[in-house]
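Asker: Dumping the structure here so I can ask a few things about it.
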Amino acid sequence: MVLLNYLNTFHKNEMSKTMCKNENNRGKIQIMADIVDLCKAGIRKTHIMYRGNLSYEQINRYLYELLEKELIIQNLDDGVLTYRATEKGRSFLQYYNLMLSILDENVISIQSPISKLA
């Protein structure tokens with residue numbers, strides 16, 4: 001019983017450390033979704049960089065990958081280079097948001113397997 005309590009406490013502390021770390025840092029997919037979302041109406045590179053809170057190197061890397069995967073396209077509007085989400089990009093956003101909603105539903109109902117034993 002003491003061992004189960006220790007494992008349960010240890011598990012909760014390790015999970016909270018992991019969750020705090022992940023909550024503060026966006027992952028690659030989340031950043032890509034944020035950029036595609038910003039591009040829905042058409043936006044300049046610098047605006048994506050500032051609104052997405054990304055560095056110059058990051059924005060270049062992500063824009064290149066999103067263009068390569070055809071989730072966004074470049075447009076030249078009145079001499080200004082803008083980025084727009086494609087249909088494929090909008091579909092990506094729908095699936096991404098669906099995945100988030102499914103995960104949010106399951107977070108509430110999931111319990112640690114160790115706590116079930118106690």
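The values are calculated or read from the model by the stated rules, or taken from the named source; none is laboratory data. Being a predicted model, the structure only gives us computed values, none of them experimental. Glycine gets a Cβ as well: all are built from the backbone with ideal geometry, and neighbour counts include every protein chain shown. Please note that ligands, DNA and RNA were not included when accessible areas were found on the heavy atoms of the full protein model with its side chains. Shrake-Rupley method; radii C 1.70, N 1.55, O 1.52, S 1.80 Å.
Asker: Go through the residues of region 5-24 one by one and say whether even a single one is modelled with pLDDT under 95, open to solvent by less than 100 Å² (accessible area, probe 1.4 Å) and not in a helix (DSSP H, G or I).
Answerer: No: zero hits.
Asker: Can you name the condition, by its number, that ARG61 falls short on among (1) at pLDDT below 95; (2) closer than 17 Å to ASP34 by Cβ?
Answerer: With (1) at pLDDT below 95; (2) closer than 17 Å to ASP34 by Cβ applied to ARG61, the lone miss is (1).
Asker: Another question, then. Keeping to region 46-58, report how many residues are within 16 Å of the chain's Cα centre (by Cα), part of a helix (DSSP H, G or I) and free of Cβ contacts under 8 Å to residues at least 24 places away in the same chain.
Answerer: Count: 2.
Asker: So which residues in region 52-63 are open to solvent by 40 Å² or more (accessible area, probe 1.4 Å) and either basic (Lys, Arg) or closer than 19 Å to ALA41 by Cα (or both), if there are any at all?
Answerer: ASN53, ARG61
Asker: How about region 71-116: which of its residues are hydroxyl-bearing (Ser, Thr, Tyr) and at pLDDT below 90?
Answerer: If the condition is that a residue be hydroxyl-bearing (Ser, Thr, Tyr) and at pLDDT below 90, then SER109, SER112, SER115 are the ones that fit.
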